[in-house]
Every structure is written in structure tokens, then in C-alpha cells.
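The values are calculated or read from the model by the stated rules, or taken from the named source; none is laboratory data. Small disclaimer: the values here were computed from a predicted structure and weren't measured. FYI the Cβ positions are ideal-geometry reconstructions off the backbone, even for glycines, and counts take in every protein chain you see. What goes into the accessible areas is simple: the full protein's heavy atoms, side chains included, and nothing from ligands, DNA or RNA. Shrake-Rupley method; radii C 1.70, N 1.55, O 1.52, S 1.80 Å.
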Amino acid sequence: MSSPTSDALLGPAEIRELADVLGVRPTKQRGQNFVIDANTVRRIVRTAEVRPDDVVVEVGPGLGSLTLGLLETADRVVAVEIDDVLASALPATVQARMPQRADRFALVHSDAMHVRELPGPPPTALVANLPYNVAVPVLLHMLDTFPTIERTLVMVQAEVADRLAAPPGSKVYGVPSVKANWYADVKRAGAIGRNVFWPAPNVDSGLVALTRRTEPISTTATKAEVFSAVDAAFAQRRKTLRAALAGWAGSAPAAEAALVAAGISPQARGESLTVEEFVRIAENRVAADHSDATGSGAAGRQYAPEPAPENEESTQP
């Protein structure tokens, strides 16, 4: 593999020039704060532990700052971009700045939430800079859809990073924390300053590293059943689990029965439970439903996820 030239990555002048040529103005709606610092890009690639044999999927490549950095190291990069103008320009940017690696790049012009397959070999890593309003659902969708993704590094708003990596008992532990742990071991992997973006955002950013569980959680419940328990528990997080899970289980006594059978105090709250404990609760609710001779169990109820905080920003390459 030939080594890319040291000036292949995009700097502040190149980013602004490219944006001018394309008529692109960063929009808050899509969290478009472009990375303009090559050292930050290489730091992200290094922290993601991208290897020469990796097939990396990147969500929201923007003008290509991180894309070029990933191509310096990875065997192949597949970028998923929803924006029409950015998607049409990215292949040309890669060809112009890193022609020796252009055949290792593929673009998927789509909303990442709708992506079900990717061109070429299955991805082994996910590295992305995600706007806050889609960060958690996109992350969970990609981990669920592509089980070959072993390692993930995402840059998100600092508060989102804290929530994803929060341990049980933390005041910011919630739905994103539990659901991310269903798939992977999660940890904070650093902070990113505001001055490496154009325009500079009004919030700090953080890196989150996820390492896929070597063995999926073993359970007789489905992922949907476990996640519905999580959603119900945190929809009323100030209530005890007996009360919070009453609607989910069909009644407060039914919730208490499932909790006791799972070895969890009915007076506990969702923020104190691990994903494995939510699994046990779901298994015991499912078991109770299956044994309900009247068929009046509560299986199949749907609960909305924990609402996201409003008026928050994040960044995009």
C-alpha cells in the first residue's frame, strides 16, 4: 500500500474553499460543523484503532475531512451521506486528494437510518462524527444491522457521550446507556475542543469507544422485549420499578412478580440496573405472559424511547 502524502487531508483553507465551490453553508439543522484540523482527524483514527485490514463505515462524512484520514489507514472506507450536494462531491474530493486510494472508497447516498446493506466486504469498524439529534438512533441502528462491526468510535456532543458511557447508578445513566451496552462495552475515549470545527459549535464534543461483545447476551427474551422494558423503566425514571413497569407488565402486581422472579427489588429504579438485569425482567414478564391462560398478558405493548434534551448541537466532519 502506498503511503498518502502528508498534505492529503483537509485544512481550514481547503475546507472553506471546497464549501465555497459547492455553495455549501453549514446548517444547524443537520449539525454541520466541519472538522478543519488534520491533527484531530488523525487523533480520531488513531483512537479508533483503525487497522490496515479494516473495512470502515463512516456516517455523515460531510466534506470528507475524516474520510481522507480513514483512507490513510483502512483497507476500505464506505461513507453514508444523506446530503445531496455533499454526497455528489465527495468521490471527486477523494480522487483529487488521495487518488492512490480512490478505488478503496465507496459512497452510499442515503439516510443512515434506512441503510440495510453496504457495498463490498462487510464492515469491521464504524467511525463517525454524529449530530446529536440522530446520534443514538443511528449508532444503535448500525450496530444492530451490521453485526460484523467489532469496533466503533463516534464523536458526539459531550453530554451524549457521557450518557452513552454512563455506568448504572449515574445520574445520566438511561436508555442510551443500557441499549448501547446490549451490543458492546462502552467507554469515554476523550474530549474534542470547539476550535477544530468550522463554524465553532456552542457545545463541547466527546469521543465514545464501543467494543462489540464477543458473545451476544444469552436470553430467552427478544431484543424488542428487553428494550421495551428499558423504555418503560426510564419513561418514569423517578418512580420505583414496580410503578414504572406497571403499564408494561399489565399491572403493578404483575410488574412486582416479574421483578421478584428476576431477583430485583420492586422498589429499585431503572437507573440502578444493568442491561443483564433488564434482560432477566423481560424474561420473567415473557414467562408470565406465556403461562397466562386467559391470554390477557401485556406482551407487545410499545413505549416511546426516553425523549432527547432540546436545543442541543453537535458536529459533523
Testing Pro91 on (1) touching a strand residue (DSSP E or B) at 6+ places or on another chain (Cβ under 8 Å); (2) not acidic (Asp, Glu); (3) not in a helix (DSSP H, G or I), one condition comes back false. Which one is that? (3)
Neighbours by Cβ (under 9 Å, 6+ apart or cross-chain): first from the range 200-222, free of Cβ contacts under 8 Å to residues at least 24 places away in the same chain; second surrounded by fewer than 19 Cβ atoms within 10 Å (Cβ to Cβ): Pro216/Pro147
Checking Asp185 against (1) within 21 Å of Phe34 (Cβ to Cβ); (2) part of a strand (DSSP E or B), only one condition comes out false. Which one? (1)
Looking at the range 109-122, I want the residues that are at pLDDT 95 or above and have a partner that is open to solvent by less than 70 Å² (accessible area, probe 1.4 Å) and in a loop (DSSP other than H, G, I, E, B) with Cβ atoms under 6 Å, at least 6 apart or on another chain. Which pairs are those? Pro122/Thr148
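Here's the yes/no breakdown for (1) within 22 Å of Arg25 (Cβ to Cβ); (2) surrounded by fewer than 18 Cβ atoms within 10 Å (Cβ to Cβ); (3) in contact with a Gly (Cβ under 7 Å, 6 or more places away or on another chain):
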site: Glu49; (1), (2), (3): no, yes, no
site: Ser65; (1), (2), (3): yes, no, no
site: Thr73; (1), (2), (3): no, no, no
site: Ala79; (1), (2), (3): yes, no, no
site: Ser110; (1), (2), (3): no, yes, no
site: Gly120; (1), (2), (3): no, yes, no
site: Thr124; (1), (2), (3): no, no, no
site: Val127; (1), (2), (3): no, no, no
site: Leu140; (1), (2), (3): no, no, no
Filter the range 108-159 down to the residues that are in a loop (DSSP other than H, G, I, E, B) and basic (Lys, Arg) and list them by number. Arg116
For Glu58, only one of the following conditions fails: (1) over 14 Å from Ala128 (Cβ atoms); (2) within 18 Å of the chain's Cα centre (by Cα). What is its number? (1)
Looking at the range 219-237, which of the residues that are among the small types (Gly, Ala, Ser) and part of a helix (DSSP H, G or I) is surrounded by the most Cβ atoms within 10 Å (Cβ to Cβ)? Ala229
Helices (runs of 4 or more DSSP H) (entirely within the range 1-88) containing at least 2 residues that are at pLDDT 95 or above and under 24 Å from Pro201 (Cβ atoms): 38-47, 65-73
I'm told Lys239 meets every condition in (1) free of Cβ contacts under 8 Å to residues at least 60 places away in the same chain; (2) within 30 Å of Gly62 (Cβ to Cβ) except one. Can you identify the failing condition by its number? (2)
Among what's in the range 123-137 and is in contact with a strand residue (DSSP E or B) (Cβ under 6 Å, 6 or more places away or on another chain) and of a type in the set (A, V, I, L, M), pick the residue that is modelled with the lowest pLDDT. Leu130
In the range 190-213, what count of residues is obtained for those that are open to solvent by 30 Å² or more (accessible area, probe 1.4 Å) and at pLDDT 95 or above? 4
